[in-house]
Amino acid sequence: MQTKKNDTSKSEKAVAMAGKTWTALKSETTSFIIGLLCVIFGVYMLLAFISFFFTGGNDQSILTHPNPSELLETGNRIQNYAGARGAQLAQFLINDCFGFSAFCIIIFLVVTGMKLMKAYQFRIRNWFLGCATVMIWFSVTLGFAFGGLMEDSYIYPGGLHGYNVSRWICSQIGTPGLILVLLAVAILFGVALTQQTMGVVRKALHPSLKAEGVSAQAETPKADNVSRQEEVAAETITVPLTDAEQTEEEKKEKKESFWKSWTRRKQKEEPKMKEEEPTEEKETETESAPAPEPTPAQATPKEAPVAPVKEETSKAIDLPIEPEEKAEDHPFEVEPVRKEEKAEEPAFEVSNDTKEEDQEYKGDITQPYNPRLDLEFYHFPTLDLLNTYQNNEPDIDMEEQNANKNRIIKVLRSFGIEISSIKASVGPTITLYEITPAEGVRISKIRNLEDDIALSLSALGIRIIAPIPGKGTIGIEVPNANPHIVPMSSILSSKKFQETTYDLPVALGKTITNEVFMVDLAKAPHMLVAGATGQGKSVGLNAIVTSLLYKKHPSELKFVIIDPKKVEFAIYAPIERHFLAKLPDASDAIITDVTKVVQTLNSLCVEMDNRYKLLQSAGCRNIKEYNAKFINRQLNPENGHHFLPYIVIIIDEFGDLIMTAGKEVELPICRIAQLARAVGIHAIIATQRPTTNIITGTIKANFPARVAFRVASMMDSRTILDRPGAQQLIGKGDMLYLQGNDPVRVQCAFVDTPEVERIAAFIGKQQGYPTAFMLPEYVDENAEASGSSADVDMNRLDPLFEEAARLLIYHQQGSTSLIQRKFSIGYNRAGRIMDQLEKAGIVGPANGSKAREVLCLDENDLQMRMSSLKD
């Protein structure tokens, strides 16, 4: 009996202890601690999983054959951020179990922890079933889809579980059966989550259900509203009326019923009337007013209505020829300054418009391809990055104009030349005086008086245009006493620049008539810039680059910048990942080494040939047609087709390259200039030595667009423009632009170095491409091959030598293309690394088109060979 009592007391104590334990486990403090541990462990697993994708390849050899003593050591060479145990956990759950879907375990741990901590209210059972289903489904799907990549990668997307299960199911019901099973499970899981899945499946099977449902839903509310209105009208309280009042009430009801029926018919007919009204209004407008002005309501929200600029035309006045007539009596007109229309800055925000376009293209492959989606959050530079100047518009000094007019007339009269009228057009730095000579006066006689007129005006230098093209007048260009600069902000904010449709708009400055001067580099198609030192060439090149940066997206334009002076274009280094292009093995995108210049130009020739092959296969004549086809998805990217950006080559000092490299530089430039226009490659070369040995006949023939700043002699002007005139410029940005028959005098826009630095910094801070635009690698056919591994210098191993050796040991495949692809390097460098690996005995000799044999067995063998190389 005593033993039974003891047993009973012990059982009671055990039950009481179990109850206390269960009570303690169910307490709020214990639940909070367990939940916190679950969340912390989930974060630790997340860190281990993410690190596994970057360091798993290096830890693979250690984890596949783990040595317990090695893992317990401090120097275990595990690179995972979560340590050796984190690496083992990620290796087990991702590769050995469920692949990428193992992240569902982390989600469930965090949800459970939040539930236990009472931070959120979750249904643990539903979350467990959902995460388990998603994890198994994705594991099988990824194992089936990417099972063939398990031999080439250290990451198994579906894990061994997904790979083995998918193979077993395929062996039982075949590949179509597996696809159907996965589809059915996905649909059932969606139905379990929400009943809307059934509607989606119905609409997918019968698309017309969607339109019918919408129409039915649109019609039923109207019917309900009408019925409700009738019910309300029927429920109104009626009051007994007299006979007279009843007759009057009946008349009112008839009128009201008539008006109600008429208004209902009116509402039905309103849509038709609205469609017919605009056409009638347009007809009346065209009949009444042939050119109506847009109202402010019709203007777009980003553009304010701009008042049209009124232009005053000068009238030629015939004067009687009187030999004693004073110069002051001549009629004289000063043409007012044409102020360029300016739009508000928000109208220039091209990035806002592109964002609206990009939203249309997101996630819909039926829409046209949009190259700007590569950097969809890119913002174009704003105008506030540029300097503004208060007195940037030329003021008309009538005293100066009248004095110059009188001197010109006096000089011409002293040589027996009479004129009938004179008119002046004031520009930023130059005033153009247009004179109409009297009958019988030879133009050559006025042209020969250039120096005499300059002497009387005490000017730095004048230029006579006899005659002005398209006009029956002779022009005399006289420098202003107080010249004004043309800021770049006034050019870029102009309406002409903002609304341009040029493919590559280049805004150079303003003409004598104060109009913005722009050219399309795509039609130029190549430009030669020359002038003496300090006359504005570098500022002109910066103006060209700045105008392109303000108009083109990084996906549409790339620059190849060659700067032998090493200091002129260094300010564009921040935009390397956005706009610059370089060779695969080049360290800097801005090329300063002459040997790299030759390789880059030859690489551009290779790029040109590759683009012509793409145009040939696409059946297009130029880059514009090709990109239009690609945007409309008429070209298959799997066949090598891709969007082609424009490439602009800028060479700052061409004369220095010719002196150092000679024909090696001139030949590829001439080839690019002759052929590259159709494929969107354009060149701009600048030199301060406009001599015939620098600007040869071949260069001049292939560079039809010429920009001439001030030069020292007439011979230099003839070398650049094939005519004199550049020696008479006044400097400081004063230039002549020639593309065709007659040159145009332009005052170059001024953009200072701090402005360019701000623009480059603004672009460089934004999201860019991973690297600069990579040009194809050029292999010199005349260079001698390395031949055998005996010529390899083992004293200067490549920095990637050891990593490449580990890569080949892991894959057990010695392939140059594998090294090139994994490390993103050029073929030549990968070939040198392979030669060094062969010399070190890690890989065997070349075996034709097959991969080399890997002679090194594992990491230990590699360490022994590396130590012997160092010794």
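The values are calculated or read from the model by the stated rules, or taken from the named source; none is laboratory data. Owing to the predicted nature of the structure, the values given are computational and were not obtained by experimental measurement. Here the Cβ positions follow ideal geometry from the backbone for every residue, glycine too, while neighbour counts run over all protein chains shown.
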Discussion item. Can you say whether I730 is surrounded by 20 or more Cβ atoms within 10 Å (Cβ to Cβ), closer than 25 Å to L548 by Cβ and of a type outside the set (S, T, N, Q), as far as the supplied structure shows?
Written reply: no
Worksheet item: Does the range 160-204 hold any residues that are among the hydroxyl-bearing types (S, T, Y) and not in a helix (DSSP H, G or I), and which are they?
Response: T194
Practice prompt. Looking only at the range 109-121, decide whether some residue is of a type in the set (G, A, S), part of a helix (DSSP H, G or I), buried (at least 17 other Cβ atoms within 10 Å of the Cβ) and modelled with pLDDT of 85 or more.
Written response: yes
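If a residue has to be surrounded by fewer than 21 Cβ atoms within 10 Å (Cβ to Cβ) and either closer than 30 Å to T112 by Cβ or under 40 Å from the mean Cα position of the chain (by Cα) (or both) to count, how many in the range 162-178 make the cut? Show your work before the answer.
Of the residues in the range 162-178, the ones surrounded by fewer than 21 Cβ atoms within 10 Å (Cβ to Cβ) are 164-165, 167-177.
Pick out the ones that are also either closer than 30 Å to T112 by Cβ or under 40 Å from the mean Cα position of the chain (by Cα) (or both) and you get 164-165.
Counting residues in the range 162-178 that are surrounded by fewer than 21 Cβ atoms within 10 Å (Cβ to Cβ) and either closer than 30 Å to T112 by Cβ or under 40 Å from the mean Cα position of the chain (by Cα) (or both) gives 2.
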Practice prompt. Would you check which residues across the range 563-618 are over 27 Å from V756 (Cα atoms) and of a type in the set (K, R) and list them?
Written response: R611, K613
Worksheet entry | Exclusive hit being touching a Lys or Arg at 6+ places or on another chain (Cβ under 6 Å), within 30 Å of T687 (Cα to Cα) and of a type in the set (V, I, T), set I651, I647 | I647
Worksheet item: With respect to Y550, is the statement that it is closer than 29 Å to L375 by Cβ, aromatic (F, W, Y) and surrounded by fewer than 19 Cβ atoms within 10 Å (Cβ to Cβ) true?
Response: no
Worksheet item: Restricted to the range 158-196, and to residues that are in contact with a Phe, Trp or Tyr (Cβ under 9 Å, 6 or more places away or on another chain) and among the polar types (S, T, N, Q), which residue is farthest from F98 (Cα to Cα)?
Response: T175
Discussion item. Condition first: aliphatic (A, V, I, L, M) and modelled with pLDDT of 85 or more. Now tell me which residues in the range 825-853 satisfy that.
Written reply: I833, M834, L837, I842, V843
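Only one of these is surrounded by fewer than 23 Cβ atoms within 10 Å (Cβ to Cβ), of a type outside the set (A, V, I, L, M, F, W, C) and in contact with a helix residue (DSSP H, G or I) (Cβ under 9 Å, 6 or more places away or on another chain): K565, K582. Name it.
On the way: K582 fails: surrounded by fewer than 23 Cβ atoms within 10 Å (Cβ to Cβ).
After ruling out the rest, the residue left standing is K565.
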Worksheet item: What about M135, is it modelled with pLDDT of 85 or more, under 24 Å from L37 (Cα atoms), more than 36 Å from the chain's Cα centre (by Cα) and surrounded by 21 or more Cβ atoms within 10 Å (Cβ to Cβ)?
Response: yes
Worksheet item: Between residues in the range 172-191 that are aromatic (F, W, Y) and residues that are at pLDDT 85 or above and surrounded by 14 or more Cβ atoms within 10 Å (Cβ to Cβ), which pairs lie under 8 Å by C-beta distance while being six or more apart or on different chains?
Response: F189/G130; F189/T133; F189/V134; F189/W137
Worksheet item: Looking at D861, D835, which is the one that is farther than 27 Å from L583 by Cβ and part of a helix (DSSP H, G or I)?
Response: D861
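Scan the range 419-431 and tell me whether some residue there is closer than 21 Å to I730 by Cβ, crowded, with 18+ Cβ neighbours inside 10 Å and free of Cβ contacts under 8 Å to residues at least 60 places away in the same chain. Outline the logic, then answer.
Of the range 419-431, the ones closer than 21 Å to I730 by Cβ are 424-431.
Cutting the leftovers down to crowded, with 18+ Cβ neighbours inside 10 Å gives us 424-431.
If we keep only those that are free of Cβ contacts under 8 Å to residues at least 60 places away in the same chain as well, we get none.
So far as the range 419-431 goes, no, none of its residues is closer than 21 Å to I730 by Cβ, crowded, with 18+ Cβ neighbours inside 10 Å and free of Cβ contacts under 8 Å to residues at least 60 places away in the same chain.
Return yes or no: is A589 without any contact (Cβ under 8 Å) to a residue 24 or more places away in the chain and either closer than 21 Å to G680 by Cα or surrounded by fewer than 24 Cβ atoms within 10 Å (Cβ to Cβ) (or both)?
Values: without any contact (Cβ under 8 Å) to a residue 24 or more places away in the chain: no; either closer than 21 Å to G680 by Cα or surrounded by fewer than 24 Cβ atoms within 10 Å (Cβ to Cβ) (or both): yes.
No.
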Fill in: Residue under evaluation D780, criteria (1) among the acidic types (D, E); (2) modelled with pLDDT under 85; (3) touching a helix residue (DSSP H, G or I) at 6+ places or on another chain (Cβ under 7 Å), criterion not met
(3)
